[in-house]
Amino acid sequence: MQRTVVKKVREKEPDMEVIRQAGQIIRSGGLVAFPTETVYGLGADALQPEASKKIYEAKGRPSDNPLIVHICCFEDLKHIVTTIPKAVRLLADAFWPGPLTMILPKSNKIPYETSGGLDTVAVRMPSNKIALALIQEGGGYIAAPSANTSGKPSPTVADHVYVDLKNKIPLILDGGAVGIGIESTILDLTEEVPVVLRPGFITLEMLSEVIGEVRIDPGIMSVDTNIKPKAPGMKYRHYAPCAELVLVEGVQEKVVARINELARKQIKEGKKVGIIGTQETAGCYEYGFVVSIGNRQEEEMIAHNLYKTLRKFDESETDIIYSESFATPRMGQAIMNRLLKAAGHQVIRVS
Ligand code: TXA
Ligand code: MG
């Protein structure tokens, strides 16, 4: 068993000595967890099959679930894909470095261990300075899924990574809390009309403004389990706390009343109940451990708090969590997509 070392790094001015050591671990085929602007990633050299395999092992991730390759400059893209359509240049100009991942046909340089057996590769240039410096020092191509145990909520602080991967990886770079808090938007550019495979901070509207028509994969928001999402990772129960999670959807007062009623029943049966409310409603709950996820008017804040909130219930050993839903536009789609997955699509509609 190896001991995990946690090193603090300031994003404004990353300590290059620490970054060089981390880059050395990556180049020699090892794993390093590092912050990005979305969530913490678990990095390995994307060009070394054996290094990618270690990621799957540490996370307990199914081997058919491909990894995102992180680059630090646009020029490096041409070595790992076979074609760079005009839309990719436009999108990179608009959103890179940043929370957008693009899927393109992969070149032979990317091993199938990294692409999960697919002939395509997902690529992203993150904006976090620690991430960019590490990619540079690590050889230019870092494969990195979110740095959580497979199925758990993604980590938004270094401590979440430590809880999940302690003594399974040699190094965690602690750059403090991430800014966005949910994973990048994934856009598949191998189809005639580009398709969003995972919603995120970069919304459908923002993408359309740059490249015109964009579709959304019907599998990602569907409650119908026969409609499979295209991104392999989106088909698993994911982002999930230990407790059972149930979403309650409808008019605000009715949702609060129903959650109060459900919570009371569960508590009577001896269960530990958690509730995810908002600033607007938190004071209206009469039972259980209530956590406010933020103000409904600030959906970026809700996204930022989402995984932290889900992980809070693990600490308090909750049996069942009831959560309000967030059918807000823009980022609301990303928030709802993650909550639906975390809940295994358990939704109660009140009318
Ligand atoms: O914000 C992010 O994207 C973070 C940070 C660390 O960059 N990374 C991240 O990686 O969320 P991960 O592995 O947790 O999620 C990657 C998703 C999975 O659902 C995977 O199935 C999908 O991207 N994916 C990767 N390559 C793909 C491909 N070639 N075709 C379709 N889906 C792909
Ligand atoms: Mg993930």
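The values are calculated or read from the model by the stated rules, or taken from the named source; none is laboratory data. The structure displayed is predicted, hence computed values, not measured ones. Every residue, glycine as well, gets a Cβ built from its backbone with ideal geometry; the counts of neighbours run over all protein chains shown. For accessibility, only protein heavy atoms count, side chains too; no ligands or nucleic acids. Shrake-Rupley method; radii C 1.70, N 1.55, O 1.52, S 1.80 Å.
Given the structure, is residue 241 within 16 Å of ligand 2 (Cβ to nearest atom), farther than 30 Å from residue 17 by Cα, free of Cβ contacts under 8 Å to residues at least 40 places away in the same chain and assigned to a loop (DSSP other than H, G, I, E, B)? In short, no.
Residues in the range 154-194 that are within 10 Å of ligand 1 (Cβ to nearest atom) and more than 18 Å from the chain's Cα centre (by Cα): 190 alone.
Counting only residues that are within 14 Å of residue 59 (Cα to Cα) and within 11 Å of ligand 1 (Cβ to nearest atom), how many does the range 115-150 have?
Total satisfying the criteria: 7.
Table: residues versus (1) within 13 Å of ligand 2 (Cβ to nearest atom); (2) under 24 Å from residue 199 (Cβ atoms).
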| position | (1), (2) |
| --- | --- |
| 128 | no, yes |
| 137 | no, no |
| 147 | yes, yes |
| 152 | yes, yes |
| 158 | no, no |
| 168 | no, no |
| 173 | no, no |
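Kindly indicate whether any position in the range 199-212 is more than 26 Å from residue 274 (Cβ to Cβ), within 13 Å of ligand 1 (Cβ to nearest atom) and not basic (Lys, Arg).
yes
Of all residues in the range 211-222, those that are closer than 9 Å to residue 199 by Cβ and at pLDDT below 85 have Cβ atoms under 8 Å from Cβ atoms of residues that are outside any strand (DSSP E or B) and of a type in the set (S, T, N, Q), 6 or more apart or on another chain, in 220/337; 221/333; 221/337. Only residues that are within 26 Å of residue 304 (Cβ to Cβ) and within 16 Å of ligand 1 (Cβ to nearest atom) were counted in the range 10-30, giving 2.
Results for (1) modelled with pLDDT under 95; (2) open to solvent by 30 Å² or more (accessible area, probe 1.4 Å); (3) not in a strand (DSSP E or B), shown as yes or no for each residue.
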site: 7; (1), (2), (3): no, yes, no
site: 13; (1), (2), (3): yes, yes, yes
site: 23; (1), (2), (3): no, no, yes
site: 53; (1), (2), (3): no, yes, yes
site: 64; (1), (2), (3): yes, yes, yes
site: 75; (1), (2), (3): no, yes, yes
site: 89; (1), (2), (3): no, yes, yes
site: 94; (1), (2), (3): no, yes, yes
site: 102; (1), (2), (3): no, no, no
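Among the residues of the range 55-68, is there at least one that is in contact with a Leu (Cβ under 6 Å, 6 or more places away or on another chain), more than 15 Å from ligand 2 (Cβ to nearest atom) and within 24 Å of residue 119 (Cβ to Cβ)? Checking the range 55-68: not a single residue is in contact with a Leu (Cβ under 6 Å, 6 or more places away or on another chain), more than 15 Å from ligand 2 (Cβ to nearest atom) and within 24 Å of residue 119 (Cβ to Cβ). Here 283, 332, 270, 288 are screened, and the one residue that is closer than 25 Å to residue 40 by Cα and free of Cβ contacts under 8 Å to residues at least 60 places away in the same chain is 332.
Summed over the range 295-319, the residues that are touching an Asp or Glu at 6+ places or on another chain (Cβ under 9 Å) and open to solvent by less than 10 Å² (accessible area, probe 1.4 Å) give a count of 0.
Consider the range 196-210 and keep the residues that are touching a residue at least 60 places away in the same chain (Cβ under 8 Å) and assigned to a strand (DSSP E or B). The one that is nearest to ligand 2 (Cβ to nearest atom) is 198. When residues in the range 62-79 are screened for being near ligand 1 (Cβ under 9 Å from one of its atoms) and either among the acidic types (Asp, Glu) or out of contact with any Gly (no Cβ under 9 Å at 6 or more places or on another chain) (or both), 2 of them pass. For residue 235, are the conditions met, namely being touching a residue at least 60 places away in the same chain (Cβ under 8 Å), within 16 Å of ligand 2 (Cβ to nearest atom), surrounded by 15 or more Cβ atoms within 10 Å (Cβ to Cβ) and within 28 Å of the chain's Cα centre (by Cα)? The answer is no for residue 235. Summed over the range 161-195, the residues that are surrounded by fewer than 23 Cβ atoms within 10 Å (Cβ to Cβ) and either outside any loop (DSSP other than H, G, I, E, B) or free of Cβ contacts under 8 Å to residues at least 40 places away in the same chain (or both) give a count of 11.
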